[in-house]
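The values are calculated or read from the model by the stated rules, or taken from the named source; none is laboratory data. Remember, it's a predicted structure, so these values are computed and weren't measured experimentally. Cβ: placed from backbone, ideal geometry, glycine included. Neighbour counts: every protein chain shown. SASA here: full protein model, heavy atoms, side chains in, ligands and nucleic acids out. Shrake-Rupley method; radii C 1.70, N 1.55, O 1.52, S 1.80 Å.
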Amino acid sequence: MTTTGLQLLDTATSKGEGDMNEDLAGGTGPYAWMFDGATDMPPTFCPQPHVTGAYWLAHHGNTWLREHARDQEPHALLSELATRVGATLRGRGMPDGALPPAASLAITRVTGDRLTAAVVGDIAVYNITHKDLLLDTRFARNERTAVAQHVRTDGGRSDESRAAQVDGIVGRRRADLAGRNGPWILGDNPAVGTGALRRDWPMAYDDLVLLATDGFARAVTDYEIATSWADLAGMILTHGIQHLIERIRDVEARAEPTTFFKKSDDACAALYRCA
């Protein structure tokens, strides 16, 4: 039986240490997507009062995708959205050379008997039926390296060390917005679609796919709540996504921060069925 859409079966989200929850799941018809806003840095241009640039980007992008995702391939939608974001930011006064808001973004699309995915940033797309994971692990490695360097510099406590941390994040952010170091993230650069990780699977009626931000993925990548992505999927099917988020927060409440700049990150996951 061929498929014509993605049916949302379960979703939940939770704010971490930041001022706002900048993770967001969305979808329409044959598309499903997930945003994970990159924490604003001091030079980040914020186009809307009272919200972070990352929050604005996730919600602006979600609205645009719902209105414009029709027959495009996921990687093409990434570039179209970045073009729209750039035009909007310039219209709201962002000067040349400013640091735009940024986000990780995964877009999936089901057509007939295929599921296609494109990812920039560190969002995970896990095909539960085929037990296949699409995830750019370079971001996690980069963060662990940066955290280790930060801690080695007087424990990361001095003003100079904190300033160097921010400078490092800003430098990596600019590189990821341009794909200079390999990985890409969404901002205002229309070339982003060319750098997306892509995957294509055969899919049939009732097949399942999971989208998750890195804050949720910690359940399997770092906290050993689940032993594998297949184990994590089984726990979601049995207990639900909200239960897993509660277990993540319980681990974070008891643990000492070691490998992350944020002890608790925003977390979001969404489970879909081919329908």
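Details
- Among the DSSP helices (H) of the chain, those spanning at least 24 angstrom by Cα along their long axis with an average Kyte-Doolittle hydropathy of -0.5 or more are 74-91; this is a geometric and hydropathy rule only.
- Selected from P49, I107, G171, residue furthest toward positive end of dipole (the range 6-274; charges at beta carbon): G171
- Segment K131-D71, length gained on full extension (0.36 nm per residue, minus Cα span): 18.9 nm
- Listed peptides 27-33, 225-231 appear in the order 27-33, 225-231 once ranked by packing, highest mean of other Cβ atoms within 10 Å at the front.
- Table column - 3J(HN,Hα) (Hz), the range 32-37, Karplus curve with 6.51, -1.76, 1.60, x for Gly and Pro: 9, 8, 8, 9, 9, x
- Max-minus-min Cα coordinates of the range 18-90 on each principal axis give 37, 25, 17 Å, with the largest extent listed first.
- Radius of gyration, Dmax [the range 164-263; alpha carbons; angstrom]: 17.2, 51
- Apportionment of accessible area to carbon and sulfur, the range 6-274, percent (1.4 Å): 49 percent
- Cα convex hull of the chain, projected area averaged across orientations, nm²: 13.9 nm²
- Here A191 and H239 are evaluated by their C-beta separation; at R0 = 41 Å the FRET efficiency comes out at 0.50.
- Size of electric dipole in the chain: Cβ of Lys, Arg +1 and of Asp, Glu -1, about Cα centre, debye, nearest 20: 380 debye
- Based on DSSP H segments of at least four residues, each scored -39500 (n - 2.57), the chain has a per-residue ellipticity at 222 nm of -12000 deg cm²/dmol.
- Over the range 6-274, relative contact order from alpha-carbon pairs under 8 Å, at least 6 apart, %: 29 percent
- Ordering of 14-20, 268-274, 163-169, 192-198 by packing [mean C-beta count within 10 Å, highest first]: 268-274, 192-198, 14-20, 163-169
- FRET efficiency estimate (nearest 0.05) - Cβ-Cβ, T63 to R141, R0 25 angstrom: 0.15
- Cα centroid separation - the range 210-275 against the range 176-196, whole Å: 26 Å
- Taking amide H positions as modeled 1.01 Å from N, with prolines and chain starts lacking one, the residues under 5 Å from W184 and 5 or more places away or on another chain are G121.
- Size estimate for the range 1-124 follows the Kirkwood approach: the inverse of mean 1/r over distinct Cα pairs works out to 15.2 Å.
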